[in-house]
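Below is one structure, written out as structure tokens; the observations come after it.
The values are calculated or read from the model by the stated rules, or taken from the named source; none is laboratory data. All figures in this text were calculated on a predicted structure; none of them were measured in a lab. Here the Cβ is made from the backbone with ideal geometry for all residues, glycine too, and neighbour counts use every protein chain on show. Just the protein is used for accessible areas: all its heavy atoms, side chains included, with ligands, DNA and RNA removed. Shrake-Rupley method; radii C 1.70, N 1.55, O 1.52, S 1.80 Å.
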Amino acid sequence: MEADLPDGPQSGTLGWSCPSNIALVKYWGKRPGQLPMNPSLSMTLQEARTSTSITYAYEPGKREGEFRFRFEGREEADFQKRIAAYLKELEPLLPFLSRTRLDMDSANTFPHSSGIASSASAMGALALCLVQLEEELLGPVDREFFWQKASRLARLGSGSASRSIFPQFVLWGQHPMWDSSSDDYAIPVQGIDETFLHMRDTILVVHSGPKKVSSSLGHTLMDSNPFGKVRFQQARENLERLHRAMTEGDWNSFIAIVEEEALTLHAMMMTSRPGYLLMQADTLSILHLVREYREETGIRVGFTLDAGANVHLLYARDDTPQVDAFISTELLKYCENGLVIRDRMGQGPQKIEQ
Ligand code: PMV
């Protein structure tokens, strides 16, 4: 038996709920090992989450790991394949996996077909469960190590998942301004002005179906994008500019940089080879209306986009009544089946007590 594995069988149940996150400075383009071409900065959400529970049985004599994975009560072939590959990849980092049976149940809080990417919350919740399982089998580790390892393992599942492990605002990727920043895992960002700490993120669901081009293909296409190098440098600069705006409480600069990042992400898609468009006509209508509304009213509401057609509206908690009215009268008609998901800056993952 390997020295660092328990000698006797062990079993139990554990679980974690992990939120999704929305990038303000985007990660788009990666190197082998799921390492980013540029650092990114995100806001952790509160409501959009995945809860995952694992019942485990460790047996020292076992030679191969086994698992069952149910998503919202069902075993789906796509998930099975992805989880199998993920667990295999993690074996060198978690040697007990090859001697453990895992029975996993996972569910999202947000509607299944809302077009909201769930890989960040799903891989975050799974990574947290696996790091906790390691702790239950091998004994406690210090908290910093725990979160860092969870973020590293989440990254291997989905790059953006590395950021979901921490509350509030989170940085993933090496940047000279942050000594402890790393391409391997994310870190929390400190010193953000109070004005941004109750940020709202209302998601206008323009299109809920699957994307025509997956994120993983999108990242790969950045390797041959003629603007790639400039983009990676722009992200580093925008990170610095955005952090300054956020420590100074400067909403105007915050909105300008976040919108530039969203439009650049989509510009990179359009200028890939082959190029593609994930925005819909309704996405563009919303973007125009948000800018007009901001100019007319002075209310600080900005947009960001994920790799899809949906629009995230970002604004301060105090402006909620006005922005709600604007959404109802002007924007709702562009949302598929009138679907809007209300979220806000969140406080990070939570252990599910058994
Ligand atoms: O984590 P992935 O591989 O699904 O990539 C996510 C990329 C974006 O969501 C578009 C941007 C980001 O930084 O989250």
Most mobile of D184, D103, D142 in a GNM of the chain (Cα contacts under 10 Å) | D142
Going residue by residue through the range 209-224, the Karplus relation 6.51 cos²θ - 1.76 cosθ + 1.60 with θ = phi - 60° gives ³J(HN,Hα) values, rounded to whole Hz and with x marking Gly or Pro, of x, x, 6, 6, 10, 6, 4, 5, 5, x, 4, 4, 5, 5, 4, 10
Keeping all protein chains in place, calculate the accessible area per residue for the range 201-291 (probe 1.4 angstrom), answer in Å².
-> 45
Any idea what the alpha-carbon Rg over 2.2 N^0.38 Å comes to for the range 233-287?
-> 1.34
accessible surface per residue for the range 2-189, probe 1.4 Å, DNA/RNA/ligands not counted, whole Å² -> 39
Taking the Cα-to-Cβ direction at E47 and at Y276 and moving 7 Å from each Cα, how far apart do the two end points lie in nm?
-> 2.9
Per the range 101-235, sqrt(5λ) over the Cα gyration tensor eigenvalues, sorted largest first, in Å, gives 26, 22, 18
For the range 1-81, state which trypsin sites (Lys or Arg not before Pro) are in a DSSP loop and have at most 15 other beta carbons lying within 10 Å of their beta carbon.
-> K62, R63
Cα-based reach from K333 at 27 Å (exclusive), listing lysines while leaving out same-chain residues under 8 positions away | K211, K212
Cross-link reach from K62 to lysines, straight Cα distance under 28 Å and at least 8 residues apart if same chain, gives K81, K88, K149
Counting only DSSP loop positions in the range 3-107, the GluC sites (Glu not before Pro) whose Cβ has at most 11 other Cβ atoms within 10 Å are E64, E72, E75
Keeping the other protein chains in place, figure out the carbon and sulfur percent of the accessible area of the chain, with a 1.4 Å probe.
-> 51
In order through the range 8-21: 3J(HN,Hα) via Karplus (6.51 cos²θ - 1.76 cosθ + 1.60), integer Hz, x for Gly, Pro | x, x, 9, 8, x, 9, 8, x, 9, 10, 10, x, 7, 9
Those trypsin sites (Lys or Arg not before Pro) in the range 196-274 that DSSP places in a loop and that have at most 12 other beta carbons within 10 Å = K212
Between helix 119-138 and the chain: long-axis angle, C-alpha atoms, 0 to 90°, nearest 10 | 30
Would you compute the Debye intensity of the range 197-344 from its alpha-carbon atoms alone, equal scatterers and no solvent, and pass along log10 I(q)/I(0) at q = 0.13 Å⁻¹ to two decimals?
-> -0.62
Enumerate the calculated ³J(HN,Hα) couplings along the range 277-284 in order (Karplus 6.51 cos²θ - 1.76 cosθ + 1.60, θ = phi - 60°), each rounded to whole Hz, writing x wherever the residue is Gly or Pro.
-> 10, 9, 6, 9, 4, 5, 4, 5
List, largest first, the extents of the alpha carbons of the chain along their principal axes, each in whole Å.
-> 69, 44, 43
Using r as the Cβ-Cβ distance of E89 and Q10, and R0 as 22 Å, what FRET efficiency do you calculate, to the nearest 0.05?
-> 0.40
In the Gaussian network model of the chain, springs joining C-alpha atoms below 10 Å, which of N310, N225, N38 carries the largest mean-square fluctuation?
-> N225
Under 5 Å, built H, 5+ apart or other chain: amide partners of F69 | M104
What FRET efficiency would be calculated for the residue pair R68, E296, taking the C-beta separation as r and a Förster radius of 45 Å, to the nearest 0.05?
-> 0.25
